[in-house]
Amino acid sequence: MYVLGLESTAHTFGVGITDGKDILSNVRDTYLPERGGIIPSKAAEHHYSLASKLIEKALSESGLKLKDIDVIAFSQGPGIFAPLKVSFQVAKYISEKFNKKMIGVNHCIAHLEIARKFTGFQDPVMLYVSGGNTQVITFEDGYYRIFGETQDIGVGNLLDKVGRLFEIKFPAGPEIERIAKRGKRYIEMPYSIKGMDVSLSGIETFIKRIKNSYRIEDILFSLQETVFSMLIEASERAIAYCGKDSFVITGGVAANKRLNEMGEKMCEERKTKFKSIPMEYAGDNGAMIAYTGFLMKDYQQNDLKPKTNFRTDEVKIEYR
Ligand code: ATP
Ligand code: FE2
């Protein structure tokens, strides 16, 4: 039983294949704007132009043919409409032409499931940090519930916006991480956490104001230290409240070593299990869609249209 998954909610077109146990292939290509943020129509063009080549590559890496695939899973949302509909249309075409079952996967849940798969944790508190999303999530009564979240922008968006202030290209996260390593001096920044919610946009405003008064290394170091401390503090409160025994970080920003270090340290102190996920599966990828499609293979779905707003807690989790 093989599932091929297609991811296209934003900048990345990804194709993954799984048999439910192993990831047999995971290939992708990311649309990188020359300057500024994503232009939706350009992202969609990028995805359409590479779709068949990447599907072929994924099949050849896994040693399979399209006829061996049983289910086509696609990223149903949330996402930016133009790129989002690429995975839907490609999945629909393959499913109709070759008579394969089609499964719509919530992109956020896919980030959660791939994290559970690679850590082996059954029921962790999960910090989901990406461009658009910053949420502390736990599983309760058949749904993934959002315990805490950002009250304004996602942490990845914050990093990308601050990156733009310093002319760092999108996605700025990896370059900010590199520069922050050379930072030495901590500059106090707005630290805003209420219960399990955080507010991040004040930090961008603050950095705009002080940008020319400090070294870039120290600004980006302090940015990471401040934001990541807020996220880990909110996660710790959720762990204490829910009494869960493990913690994992997922989403594009989970590729950040410093964030994982802070998560690990917090867990050590409170005797909670912690594992990082492999970097390859932190950011958007097709394997997480394929794997979640595998978990959902028996779902009967009657609304497969792309959903730009598709909440994590809308999906009834029947496989747990
Ligand atoms: P979502 O729909 O889940 O919000 P997304 O479209 O933001 O997904 P992801 O690939 O999950 O896509 O996350 C991308 C974000 O991750 C970008 O904002 C990018 O700057 C950030 N990022 C990538 N690598 C790192 C890193 N090493 N450190 C910090 N942030 C990173
Ligand atoms: Fe994502």
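The values are calculated or read from the model by the stated rules, or taken from the named source; none is laboratory data. Given the structure is predicted, the values throughout are model-derived calculations rather than measurements. Using ideal geometry, Cβ is built from the backbone for each residue, glycine included, and neighbour counts are taken over all protein chains shown. Ligands, DNA and RNA are excluded from the accessible area calculation, which covers all protein heavy atoms including side chains. Shrake-Rupley method; radii C 1.70, N 1.55, O 1.52, S 1.80 Å.
Could you pull out every whole DSSP H run in the chain that spans at least 24 Å of Cα extent along its own axis and averages 0.5 or higher on the Kyte-Doolittle scale? It would help to have the intermediate numbers written out before the result.
Numbers: long enough: 40-62 (31 Å, -0.54); 81-98 (25 Å, 0.31); 216-242 (39 Å, 0.71).
Span-like helices here: 216-242.
Grouping the Cα pair distances of the chain into 20 Å bins from zero gives a pair-distance distribution of 34, 56, 10, 0 percent in increasing distance order. Packing order of peptides 164-172, 95-103, highest average first: 164-172, 95-103 (average count of other Cβ atoms within 10 Å over each peptide's residues). Using alpha carbons only, how many angstrom separate the centre of the range 5-71 from the centre of the range 94-109? Answer, in whole Å: 14. Name the shape class, rounded, prolate or oblate, that the alpha-carbon gyration tensor gives for the range 83-181, where a ≥ b ≥ c are the square roots of its eigenvalues, rounded holds for a/c under 1.5, and otherwise prolate holds if a/b is larger than b/c and oblate otherwise. Here the range 83-181 falls in the oblate category.
Below 8 Å, C-alpha to C-alpha, sequence gap of six or more: please give me the relative contact order for the range 1-140 in percent. Reported relative contact order: 23 percent.
Rounded to the nearest 20, the size of the Cβ-charge dipole of the range 1-79 about its Cα centre is 140 debye, with Lys and Arg at +1 and Asp and Glu at -1. Taking the alpha-carbon centroid of each part, what is the distance from the range 211-269 to the range 123-148 in angstrom? That distance is 15 Å.
Which order, highest average first, do 123-129, 23-29 follow once you tally other Cβ atoms within 10 Å for each residue and take the mean per peptide?
Working: 123-129: 25.6, 23-29: 21.6.
Taking the mean over residues of other Cβ atoms within 10 Å, the ranking is 123-129, 23-29.
For the set LYS117/LYS275; LYS65/LYS305; LYS161/LYS211; LYS21/LYS275, the pairs lying more than 23 angstrom apart at their alpha carbons are LYS65/LYS305.
With all protein chains kept in place, the per residue accessible area of the range 177-320 amounts to 50 square angstrom at a probe of 1.4 angstrom. Annotation: peptides 72-82, 3-13, ranked by per-residue average of other Cβ atoms within 10 Å with the highest first, follow the order 3-13, 72-82.
Using the heavy atoms of the protein chains and a 1.4 angstrom probe, tell me the accessible area per residue for the range 63-105 in square angstrom.
Working: 1840 Å² over 43 residues.
Dividing the accessible area of the range 63-105 by its residue count gives 43 Å².
Among LYS194, LYS275, LYS21, whose mean-square fluctuation peaks in a Gaussian network model of the chain (Cα, cutoff 10 Å)? Highest fluctuation among the options: LYS21. Across the accessible surface of the chain, with the other protein chains kept in place and a 1.4 Å probe, carbon and sulfur atoms take up 48 percent. If R0 equals 41 Å, the separation of the Cβ atoms of PHE166 and GLU61 corresponds to a calculated FRET efficiency of about 0.65. Only DSSP H runs of four or more residues enter the estimate; each adds -39500 (n - 2.57), and after division by the residues of the chain the mean residue ellipticity at 222 nm equals -13500 deg cm²/dmol. Ranking ARG182, ARG258, ARG35 by solvent-accessible area of protein heavy atoms (1.4 Å probe, all protein chains present), from largest to smallest, gives ARG35, ARG182, ARG258. Once C-alpha pairs closer than 8 Å and six or more residues apart are averaged by separation and normalised to the residue number of the chain, the relative contact order reads 26 percent.
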